[in-house]
Amino acid sequence: MTSSARGVGARLPRLLALVPYLLARPGIRIEDAAADFGVSAKQLRKDLELLWMCGLPGYGPGDLIDLSFEGDTVTVTYDAGMRRPLRLTGGEATALLVALRALAETPGVLDADAVRRAIAKIEAAAGQAQPAGVVVDAGLREARRTAETRRVVQEALNAQRAVRMQYYTASKDRMSERVVDPMRLLVVEGRSYLEAWCRRAEDVRLFRVDRIDEIEVLAEPARPPEDAQPHDVSAGLFAPSPEQPTATLVLAPDARWVAEYYSCEELEELEGGRLRVAMRYGDESWMVRLVLGLGGDAVVEEPAELAGKVRERAAAALELAAAAQLAQ
Amino acid sequence: MSTARAERLVNLVLALLSTRQYLTAERIRAIVPGYADAPSDEAFFRMFERDKMELRELGIPMETGRNSPFDTVDGYRIARRDYELGEIELAPDEAAAVGLAVRLWDSPELTGQAQAALVKLRAAGVEVDQQVPAPVQPRVRADAAFGPMLSAVQQGRAVRFEYRRSGSPERMTRTVEPWGVVSWRGRWYLVGHDRDRDAPRCFRLSRVQGKVTPFGPAGAVKRPDGVNLLDFVAASHEPEFDAPASKARLWVADGKAAGIRRRARVIGRRTVAGIEGDEIERNVYYLDGMAKWIAGYGPDVLVLEPDVLAKAVHERLSALAHPGGDRR
């Protein structure tokens, strides 16, 4: 897949699309056109000035692209034969159609039928560029119980109602009851997340649907505050923040999955198939639980306090088990 | 891109689109504004080669040929039917699906490609409002190997790549005749015939290391009839959820281990080493996973039954409390 947006700059594709775009919209405001192309009005005016100098061989007054400006609007009066946009490249058709197929397969998408109609039309227009050899499934990895919870969440979203739920926060290992105003359901790497305004935290929060234990759709409408902003998820859901502490771990082969599952920086391959990684963590008690659970397959090298806490907790647990055995 | 170059390229496209005759490089030099500035033949040909490359990268189909058998060099033209995007009209609900699909990729490169497709659809007259709220949004993951693998599938070429299994540092070179790229439960897989094992296999794209090298002639790889790629990937995986369960009896200290208490049944009160707590019963699906999870809670949870689970937890904790001791 070659990238047309990168490397050659986005200006030429925009210039080639601009004339047909304007032909379809006589008298459009320059500002509106600029917004559709994702550029400033100033840049769009520069593009129009450039196109005005272009045309067909001969390059006389009747051969050049002609535009008429009225107030802050523009109309194409001569297109010099550039009436249609360039066809989609293989990369463009793939990017658009694969995302549409994922959308069509996702349960609960309001108008799956409209998505399928859009796919058929774009495939037809893309012709040979349409992506063969790609298959997309429903994209969810969830137990039956989670699927039921997800359906309730979707029902609340569709009806635009608030929900009351029992939610398990894994980082703090705590259950809490919350009333939230649902905003959207995100499906990321097979898991679904409810993004909602949490009335308790007074903030927008992401809730993993498989950690919602009880859920009830309330009669009252969902009313997230006007200024409640959805998270920017374009760089992934959990971008580790630089303020979080970092642990250095050595993972035995049986624990190498940790490096794949959590976002870790791989530092060094060691003998015996072990791997040294740097991993950021938000909550220390969560990290202690993770390392305890790995039972010696992960060794904490840094920070020393974390290593100490893990040892202490392990020793205390063994002591408790020994005491319980004695008591029997 | 400089203004002069952008202008020259737009003029070149217009000239090649408007001609039925093939235009030789010399002819183009004479008529398309900008080329006359080249100080020498060599400078002109360098310039012209770069421009042709740029247009090809954008996906502009340039034909080469001669107008008559007496011509000594090839000329160029652009066939309008190959250049132009087909007719397309989208209903508002279809356009809304497209507007959403563009925002689903977890990758700047694929988001860029989808945006480029959107620019062309808009230029074809389609109105797409990207502000439409969307309650359900599947995020589409993009592994680095996705693009190269897909283009190998589409070209029918074999590929060679380095692959790392989860629990092992070893990188193995794999040689595969690729049949298709599959998104299953939020992850991408390549399905194809593994030449080294002489059997069909699937490979998780996130585990492909480094470059994917296609080799051999295009069209050499044929997908056998009757293979359902999605079923193949699904069959290659253990069921993750809803496995048959056995029961475990645990002691949980008061106010601790909320995660363990979830979905458990309290069967009584119990004091262990002077600490009050609940006796609970819980389903166990995978003994190893359960042992890992319980060990994470250290002295807050004690396994009462079954013995095999208690031993598994003990083993993990011992390895941490006495590192270097009875490690496996």
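The values are calculated or read from the model by the stated rules, or taken from the named source; none is laboratory data. These numbers come from a predicted model, not from an experiment. With ideal geometry, Cβ positions are generated from the backbone for all residues, glycine too; neighbour counts draw on all protein chains shown.
Data table
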quantity	calculated
Condition met for A:LEU185 (buried (at least 21 other Cβ atoms within 10 Å of the Cβ), outside the structural domain of A:GLU260 (by TED's automatic domain parsing) and within 19 Å of B:LEU100 (Cβ to Cβ))	yes
Odd one out for B:ALA245 among (1) under 43 Å from the mean Cα position of the chain (by Cα); (2) crowded, with 18+ Cβ neighbours inside 10 Å; (3) in contact (Cβ under 8 Å) with a residue 40 or more places away in the chain	(2)
Among the residues listed as B:ASP194, B:ASP143, the single one being out of contact with any Leu (no Cβ under 9 Å at 6 or more places or on another chain) and either of a type outside the set (A, V, I, L, M) or within 13 Å of chain A (Cβ to nearest Cβ) (or both)	B:ASP194
Meets criteria (facing chain B (nearest Cβ under 7 Å), at pLDDT below 90 and more than 16 Å from B:ALA97 (Cα to Cα)) for A:GLY108	no
Any helices (runs of 4 or more DSSP H) falling wholly within the stretch A:1-92 and containing at least 3 residues that are in contact (Cβ under 8 Å) with a residue 40 or more places away in the chain and of a type in the set (A, V, I, L, M)	A:11-23
A:PRO303 vs. criteria closer than 28 Å to B:ARG141 by Cβ and either facing another protein chain (nearest Cβ under 7 Å) or surrounded by fewer than 19 Cβ atoms within 10 Å (Cβ to Cβ) (or both)	no
Breaking point among (1) over 16 Å from B:LEU17 (Cβ atoms); (2) modelled with pLDDT under 95, for A:THR75	(2)
Cβ-Cβ under 9 Å pairs, at least 6 apart or on other chains, the stretch B:210-222 side in the same structural domain as B:MET172 (by TED's automatic domain parsing), far side among the basic types (Lys, Arg) and not in a strand (DSSP E or B)	B:PRO214/B:ARG157; B:PHE215/B:ARG157; B:GLY216/B:ARG157; B:PRO217/B:ARG157; B:ALA218/B:ARG157; B:GLY219/B:ARG157; B:ALA220/B:ARG157; B:VAL221/B:ARG157
Total residues in the stretch A:133-157, condition more than 21 Å from the chain's Cα centre (by Cα), under 21 Å from B:ARG139 (Cα atoms) and facing chain B (nearest Cβ under 8 Å)	2
Pair list, Cβ < 6 Å and 6+ apart or interchain, from the stretch A:296-313 residues that are acidic (Asp, Glu) to residues that are not in a helix (DSSP H, G or I)	A:ASP297/A:ALA252; A:GLU301/A:THR248; A:GLU302/A:THR248
Contacts under 7 angstrom Cβ, first residue in the stretch B:64-89 being touching a residue at least 40 places away in the same chain (Cβ under 8 Å), partner of a type in the set (Asp, Glu) and part of a loop (DSSP other than H, G, I, E, B), 6 or more apart	B:THR64/B:ASP74; B:GLY65/B:ASP74; B:ARG66/B:ASP74
Criterion violated by A:PRO107 - all others in (1) in a loop (DSSP other than H, G, I, E, B); (2) under 30 Å from B:ILE28 (Cα atoms) satisfied	(2)
Residue match in the stretch B:42-59 (condition: part of a loop (DSSP other than H, G, I, E, B), modelled with pLDDT under 95, loosely packed, with under 14 Cβ neighbours inside 10 Å and not charged (D, E, K, R))	no
